[in-house]
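Notes follow the structure.
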Amino acid sequence: MLKIDAHQHFWKYDPVNYGWITDDMSVIRRDFMPEDLLPLLQEQGLDGCVAVQSDQSEKDNEFLLSLASENDFIKGIAGWVDLQSENLEERLEYYRQHEKMKGFRHVLQAEAPEFMLRPAFKKGIALLKNYGFTYDILVFPNHLKAAAELIAENPDQPFVIDHIAKPYIKSREIEGWEKDIRAVAQYPNVCCKVSGMVTEADFHNWKKEDFTPYLDVVFDAFGTDRVLYGSDWPVCQAAGGYSRMIEIVKEYTAPLSKTEQDLFWGGNAVKFYKLS
């Protein structure tokens, strides 16, 4: 069974495109390329990764596809496409020709929750399954009710929630997020990435136990057959780095059976993204 980091990024740093990288994340204001990631994956016994868009452009898709063609450990890509475009089907047909293009994502956390319920956006989402594509849902907790509505309307579309929907770990808020993430989890066509948590905590002072209540909710709500490991590298470099981040989930998943661990560390990602 392949062991997969189901969520990471590559980029050539540009201050305009990556303006979301704030001063307290200045450590990631540089290029991050496959040769930077591969040693970290090997150190952790991981076989490959899924590269996720970090720039909302088709130029970024071509960049990621180029890296994937040169690096076999990049097993899949979640890119970006304008779901509201009138020529969307033409673009989906084009990307279907690229074996490593597995799905798409929009930075919904930067939009109002109702953005994903626009008729044009929903029309785009409804087309993805016809071409075999997945959809990554990147949201904050206040978007989860709208996300649940979108998921309910598309029962045959494979969705995955990125970064456990970014609960407010730093301020230890859990109740509202827990209620809404459990509501999302009731739909069998949605998975959840256990990723990105350290950057929702206190960057420099978090402890492993800060994450336990949130992990308890996610594993209980989705079950071990719908949770995927992801690092959110290189963003995690701003809050402790790869090895510290992965230790949180290694320790948490240690009591699971071997079968359950195999699913979490790769089997679920292979199934969701159809990796090989």
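Please treat every number below as a calculation from the coordinates, not as lab data. Quick caveat: nothing in here was measured; it's all calculated off a predicted structure. Note that we place each Cβ from the backbone using ideal geometry, even for glycine, and neighbour counts take in every protein chain shown.
Computed on the chain, with alpha-carbon pairs under 8 angstrom and 6+ residues apart, the relative contact order is 20 percent.
Backbone geometry of the stretch 31-40 corresponds, through the Karplus equation with coefficients 6.51, -1.76 and 1.60 at θ = phi - 60°, to 3J(HN,Hα) couplings of 6, 10, 10, x, 5, 7, 7, 3, x, 5 Hz, x marking Gly and Pro. Of the cross-linked pairs Lys179/Lys274; Lys129/Lys250; Lys129/Lys179; Lys12/Lys207; Lys102/Lys166; Lys100/Lys193, which ones have a Cα-Cα span greater than 26 Å in the structure shown? Checking Cα-Cα distances, Lys179/Lys274; Lys129/Lys250; Lys129/Lys179; Lys12/Lys207 exceed 26 Å. Reported value for the chain: 119 Å³ per residue, from the convex hull of its C-alpha atoms. I'd like the chymotrypsin sites (Phe, Trp or Tyr not before Pro) in the stretch 8-43 restricted to DSSP loop residues with at most 13 other Cβ atoms within 10 Å, sorted by number. Passing both the DSSP loop test and the Cβ count: Tyr13, Trp20.
Name the residue from Gly132, Ala51, Ser66 whose Cα lies farthest towards the positive end of the charge dipole of the stretch 4-273, charges +1 on Cβ of Lys and Arg and -1 on Cβ of Asp and Glu. My answer, from the dipole projection, is Gly132.
Taking amide hydrogens as placed 1.01 Å from N in the peptide plane, the amide H of His7 sits under 5 Å from those of Val50, Ser231, Asp232, each at least 5 positions away in sequence or on another chain. Computed from backbone phi, the HN-Hα couplings of the stretch 140-147 come to 8, x, 6, 8, 5, 4, 5, 4 Hz, rounded to whole numbers (Karplus: 6.51 cos²θ - 1.76 cosθ + 1.60, θ = phi - 60°; Gly and Pro given as x). A simple spin-label model places the labels of Thr22 and Glu58 3.4 nm from each other, with each point 7 Å out along Cα-to-Cβ. Over the stretch 108-174, Cα pairs under 8 Å with separation of 6+ residues give a relative contact order of 35 percent.
For the pair Val107 and Lys145, the difference between a 0.36 nm per residue extended length and the Cα-Cα distance amounts to 12.0 nm.
Every Cα-Cα pair of the stretch 222-276 was included, and the share exceeding 14 Å stands at 57 percent.
Close amide H contacts of Ile137 (hydrogens built in the peptide plane, cut-off under 5 Å, sequence separation of 5 or more or a different chain): Val160, Ile161, Asp162. Remind me, relative contact order of the stretch 90-228 in percent, using alpha carbon pairs under 8 angstrom and six or more residues apart? After rounding, I find 21 percent. Between the stretch 131-165 and the stretch 26-83, how far is it from one alpha carbon centroid to the other, in angstrom? Cα centres, the stretch 131-165 to the stretch 26-83: 22 Å. Placing unit charges on the Cβ atoms only, positive for Lys and Arg and negative for Asp and Glu, gives the chain a dipole magnitude near 400 debye about its Cα centre.
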